[in-house]
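> Input: one structure, supplied below.
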Amino acid sequence: MSRNELRVNSVDIKIIHLHQQDIGVFVKEEMGSLVLIDAKDSPEMFLLSTLFKYCHDTDDVIYLQRESTENADLFIFNGAVTPLNRKYVKEIKSTLKCSTLKERIDLTIVSSENEAFWDKWGSWKYEKQLRIVTSKDVVLLNSSRLGLELLTHSCAHLASSFAGHNHFDWYSTSNSPELIIRNIARND
């Protein structure tokens, strides 16, 4: 993958720019407030898990660009380190079109679920760790480190268990991973 370093309004931002179609992950906004992140199958779900882990470890911004007007662009970031808003997103998108400086990075794809994570999981710890702002064209997924950790393990679980999605429970909120991430090949 390639990583661009951009300067937007005197803020240096490191960004991984990927096309949704190339990686088999598609993002849709529904009903004005919900976002659905659909991965084709388990390999794509493991890649999505790896991207969340990478964002957690580096604080880089992940930008998944849409190819279709039916989908929405997705920006994944740690808002405490790199606060983004719609104005910054617009500038990032226009700056990326002209950007040629790219650094190549190698990622080791997550290939299994770390089940030990669920032994120490506590709903109170992961409450309100995701803040999602949606529109028809762009989705901002602002997550804390804990939220990125939860997303990483949720995606790995969906890939390893061959489940299509996690089921709702009484801890679920409108920003819960079980609402937004689906393995569409396995969805029942």
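The values are calculated or read from the model by the stated rules, or taken from the named source; none is laboratory data. It should be emphasised that the depicted structure is a prediction, and the values quoted were computed from it without experimental measurement. Methodologically, a virtual Cβ is constructed for each residue, glycine included, from the backbone with ideal geometry; neighbour enumeration extends over all protein chains shown. Please note that ligands, DNA and RNA were not included when accessible areas were found on the heavy atoms of the full protein model with its side chains. Shrake-Rupley method; radii C 1.70, N 1.55, O 1.52, S 1.80 Å.
> Restricting segment 89-110 to residues that are farther than 25 Å from residue 46 by Cβ and either in contact with a Phe, Trp or Tyr (Cβ under 9 Å, 6 or more places away or on another chain) or outside any helix (DSSP H, G or I) (or both), which is most open to solvent (accessible area, probe 1.4 Å)?
Initial filter on segment 89-110 (farther than 25 Å from residue 46 by Cβ): 89-101.
Filter once more, keeping what is either in contact with a Phe, Trp or Tyr (Cβ under 9 Å, 6 or more places away or on another chain) or outside any helix (DSSP H, G or I) (or both): 89, 92-93, 96, 99-101.
Working: 89: 7, 92: 0, 93: 62, 96: 22, 99: 27, 100: 116, 101: 142 Å².
Top of the filtered list is 101.
> I want to confirm something. Restricting to segment 111-136 and keeping residues that are acidic (Asp, Glu) and surrounded by 13 or more Cβ atoms within 10 Å (Cβ to Cβ), which single residue is modelled with the highest pLDDT?
Keep residues of segment 111-136 that are acidic (Asp, Glu), which gives 113, 115, 119, 127.
Remaining after also requiring surrounded by 13 or more Cβ atoms within 10 Å (Cβ to Cβ): 113, 127.
On the way: 113: 85, 127: 76.
Filtering first and then ranking leaves 113.
> Still on this structure: Scanning segment 117-159 for residues that are out of contact with any Gly (no Cβ under 6 Å at 6 or more places or on another chain) and of a type in the set (S, T, N, Q), which turns out farthest from residue 53 (Cα to Cα)?
First pass over segment 117-159, keeping only residues out of contact with any Gly (no Cβ under 6 Å at 6 or more places or on another chain): 117-128, 131-141, 143-159.
Subsequent filtering for residues that are of a type in the set (S, T, N, Q) retains 123, 134-135, 143-144, 152, 154.
Working: 123: 20, 134: 22, 135: 25, 143: 12, 144: 12, 152: 6, 154: 11 Å.
Per the stated criteria, the residue is 135.
> How many residues does segment 111-136 contain that are of a type in the set (D, E, K, R), closer than 21 Å to residue 82 by Cα and not in a loop (DSSP other than H, G, I, E, B)? Reasoning before the result, please.
The initial filter retains those residues of segment 111-136 that are of a type in the set (D, E, K, R), namely 113, 115, 119-120, 125, 127-128, 131, 136.
Those still in the list that are closer than 21 Å to residue 82 by Cα too: 127-128, 131.
Narrowing the set further to residues that are not in a loop (DSSP other than H, G, I, E, B) leaves 131.
Qualifying residue count, segment 111-136: 1.
> Hey, among the residues in segment 45-65 that are without any contact (Cβ under 8 Å) to a residue 60 or more places away in the chain and over 11 Å from the mean Cα position of the chain (by Cα), which one's surrounded by the most Cβ atoms within 10 Å (Cβ to Cβ)?
Kept after step one, since they are without any contact (Cβ under 8 Å) to a residue 60 or more places away in the chain, are these residues of segment 45-65: 51, 54, 57-65.
In the following step, the residues that additionally are over 11 Å from the mean Cα position of the chain (by Cα) were identified as 57-60, 65.
Working: 57: 11, 58: 15, 59: 16, 60: 23, 65: 17.
Restricting to residues being without any contact (Cβ under 8 Å) to a residue 60 or more places away in the chain and over 11 Å from the mean Cα position of the chain (by Cα), the top hit is 60.
> Take the conditions surrounded by fewer than 20 Cβ atoms within 10 Å (Cβ to Cβ), among the charged types (D, E, K, R) and touching a strand residue (DSSP E or B) at 6+ places or on another chain (Cβ under 7 Å) and apply them to residue 73. Does it pass?
On the way: surrounded by fewer than 20 Cβ atoms within 10 Å (Cβ to Cβ): yes; among the charged types (D, E, K, R): yes; touching a strand residue (DSSP E or B) at 6+ places or on another chain (Cβ under 7 Å): yes.
So residue 73 fits the description; yes.
Okay, residues lined up against (1) open to solvent by 40 Å² or more (accessible area, probe 1.4 Å); (2) part of a helix (DSSP H, G or I):
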site: 4; (1), (2): no, no
site: 7; (1), (2): yes, no
site: 14; (1), (2): yes, no
site: 18; (1), (2): no, no
site: 21; (1), (2): yes, yes
site: 28; (1), (2): yes, no
site: 35; (1), (2): no, no
site: 38; (1), (2): no, no
site: 43; (1), (2): yes, yes
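> Just need a number here: residues in segment 137-152 that are open to solvent by less than 30 Å² (accessible area, probe 1.4 Å) and outside any strand (DSSP E or B). Before you say what the answer is, go through the steps one by one.
Just the residues of segment 137-152 that are open to solvent by less than 30 Å² (accessible area, probe 1.4 Å), to begin with: 138-141, 143-144, 147-148, 150-152.
When the remaining residues are screened for being outside any strand (DSSP E or B), the result is 144, 147-148, 150-152.
Summing the residues that are open to solvent by less than 30 Å² (accessible area, probe 1.4 Å) and outside any strand (DSSP E or B) in segment 137-152 gives 6.
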